[in-house]
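In what follows, a single structure is set out as structure tokens and then discussed.
The values are calculated or read from the model by the stated rules, or taken from the named source; none is laboratory data. As the structure is a prediction and not an experimental result, all values here were calculated from the model. Every residue, glycine among them, receives a Cβ derived from its backbone with ideal geometry; neighbour counts consider all protein chains shown.
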Amino acid sequence: MIWYPYEQMKTMKAPYEIVDAEGPYLYTKDAKLLDSISSWWSVIYGYRQPQITAAICKQAEKFSHVMLGGLTHKPVEELSEKLASWLPGDLDYCFFSDSGSVAVEVALKMALQYYVNRGETGRKTILALEHAYHGDTFKTMAAGDDEDYHFILQVYGENPYVRHIPTEIPALEDVFARCHEELNCFIVEPLLQGAGGMRMYDIAFLQRARELCDEYGVLLIFDEVATGFGRTGHRFVADVVLPDILVLGKGLTGGHIGHAVTVANKKVFDAFYDEAPEKALMHGPTFMGNALACAAAKASIELFDQLNVPARVAHIEEVARRELGGFTDPRIREVRIMGGCACIEVYDAKLLAGYQQFAYERGVFARPFLTYLYAMVPYILTDEELIHIFSVMKEWFRRG
């Protein structure tokens, strides 16, 4: 029996069975569906993308996987070199893993051990945002701030090693002034908080965070698993405000195969680079640097440049603002749009019950959650396809 994610198995409705997928479309035995959420925001170029598929198949003819413990291979070396040259600043040191959540765990572990290696053992606290979501493994849940996902941690009581603040500069300045000596990192989903409700905030907050992290010697971590590869309108938010550690996943492989990477700058790497074995980073996911995933990721990065993704995302945002920007209904709390994300937040979650089937019957796959009806579309949509998704969203409020 399959145990499905985020579902009460006793009461869940049967999932749609997908028999094929190509471009922005999912196919069931009786329906053709535009995927409005890119398979949890990852399939940014659509399904069965020819270049990525070919890269995976070509590598599979040689080997699919070898461990990185004591071994290496050309796909992981080429991807590391590509990321080092492609990412901003001195984000040059790539630690691979098999999921975004694990990659965030690695980042948090790096931040703690960075100070331990320097003899600063008092820096035990993570600073994070209210409404944060960084994954479902234990340390990422602790860094998160969403009881709808992480209520299980309540059995431990309040965590003394995590602080959460709103995306407000006065709160940011206050916590640094009071608590900087205990902080090892400040981790954020930059500009766009995904699973916490598609919450959007201003770049000025991150710019001030960078200044304060520099002033007080705290590491700044950007979790761009969801926001990277163009989703906010920037290639990476890290291009605008440079973090010390950057976490990437989802779109890294164009959503074709699971893979993630935690990229550190030289300052962080140098704290581990030592003759003392206890200063090494003792972490090693079995499938880190998987050869198929590395081949897919390299092809995905090449596509990003070939397709001029930032221009495509700017156009998606333009269409979204035209179609949804002035849309109102008494049941809607707010319409939010940023880059390749559009969200309609309602007052009452019950209002969205039945929307998934409603959209299915109109040729769209969607998955609203809580009070959020949203689209995180593949970047390859035509205007007609994009407008259809937004039209179905509006039709839900206009029906009978």
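Hey, among 234, 131, which residue is under 22 Å from residue 335 (Cα atoms) and in contact with a Pro (Cβ under 8 Å, 6 or more places away or on another chain)?
On the way: 131 fails: in contact with a Pro (Cβ under 8 Å, 6 or more places away or on another chain).
Going through 234, 131 in turn, the sole match is 234.
So which residues in the stretch 307-340 are over 25 Å from the mean Cα position of the chain (by Cα) and assigned to a loop (DSSP other than H, G, I, E, B), if there are any at all? Don't jump to the end; show me each part of the working.
At the first step, the residues of the stretch 307-340 found to be over 25 Å from the mean Cα position of the chain (by Cα) are 322-323, 326-332.
Within the stretch 307-340, 326, 327, 328, 329, 330, 331 qualify.
Hey, can you tell me all the residues within the stretch 222-244 that are over 15 Å from residue 309 (Cα atoms), under 12 Å from the mean Cα position of the chain (by Cα) and not aliphatic (A, V, I, L, M)?
Once the filter is applied, which keeps residues that are over 15 Å from residue 309 (Cα atoms), under 12 Å from the mean Cα position of the chain (by Cα) and not aliphatic (A, V, I, L, M), the stretch 222-244 yields 222, 223, 224.
This table checks each residue for (1) basic (Lys, Arg); (2) under 18 Å from residue 307 (Cβ atoms); (3) touching a Gly at 6+ places or on another chain (Cβ under 6 Å); (4) not assigned by TED's automatic domain parsing to the domain that holds residue 290.
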{"position": "36", "(1), (2), (3), (4)": "no, no, no, yes"}
{"position": "41", "(1), (2), (3), (4)": "no, yes, no, yes"}
{"position": "58", "(1), (2), (3), (4)": "yes, no, no, no"}
{"position": "62", "(1), (2), (3), (4)": "yes, no, no, no"}
{"position": "68", "(1), (2), (3), (4)": "no, no, yes, no"}
{"position": "71", "(1), (2), (3), (4)": "no, no, no, no"}
{"position": "77", "(1), (2), (3), (4)": "no, no, no, no"}
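Which members of the stretch 341-384 meet the condition of being more than 27 Å from residue 237 (Cβ to Cβ) and either in a loop (DSSP other than H, G, I, E, B) or outside the structural domain of residue 30 (by TED's automatic domain parsing) (or both)? If you could, list the steps in order and put the result at the bottom.
From the stretch 341-384, those more than 27 Å from residue 237 (Cβ to Cβ) are 346-365, 382, 384; that's our starting set.
Those that are more than 27 Å from residue 237 (Cβ to Cβ) and either in a loop (DSSP other than H, G, I, E, B) or outside the structural domain of residue 30 (by TED's automatic domain parsing) (or both): 347, 348, 353, 354, 361, 362, 363, 382.
Specify which of the listed residues (217, 254) is surrounded by fewer than 24 Cβ atoms within 10 Å (Cβ to Cβ), small (Gly, Ala, Ser) and assigned by TED's automatic domain parsing to the domain that holds residue 97.
Values: 254 fails: surrounded by fewer than 24 Cβ atoms within 10 Å (Cβ to Cβ).
One residue alone meets the criteria, 217.
State whether one or more residues within the stretch 317-336 are in contact (Cβ under 8 Å) with a residue 60 or more places away in the chain, buried (at least 17 other Cβ atoms within 10 Å of the Cβ) and basic (Lys, Arg).
Checking the stretch 317-336: at least one residue is in contact (Cβ under 8 Å) with a residue 60 or more places away in the chain, buried (at least 17 other Cβ atoms within 10 Å of the Cβ) and basic (Lys, Arg).
Search the stretch 48-68 for residues that are over 17 Å from residue 20 (Cβ atoms) and pair each with any residue that is polar (S, T, N, Q) and part of a loop (DSSP other than H, G, I, E, B) when their beta-carbon atoms are under 8 Å apart and the residues are at least 6 apart or on different chains.
64/290; 65/290; 67/286
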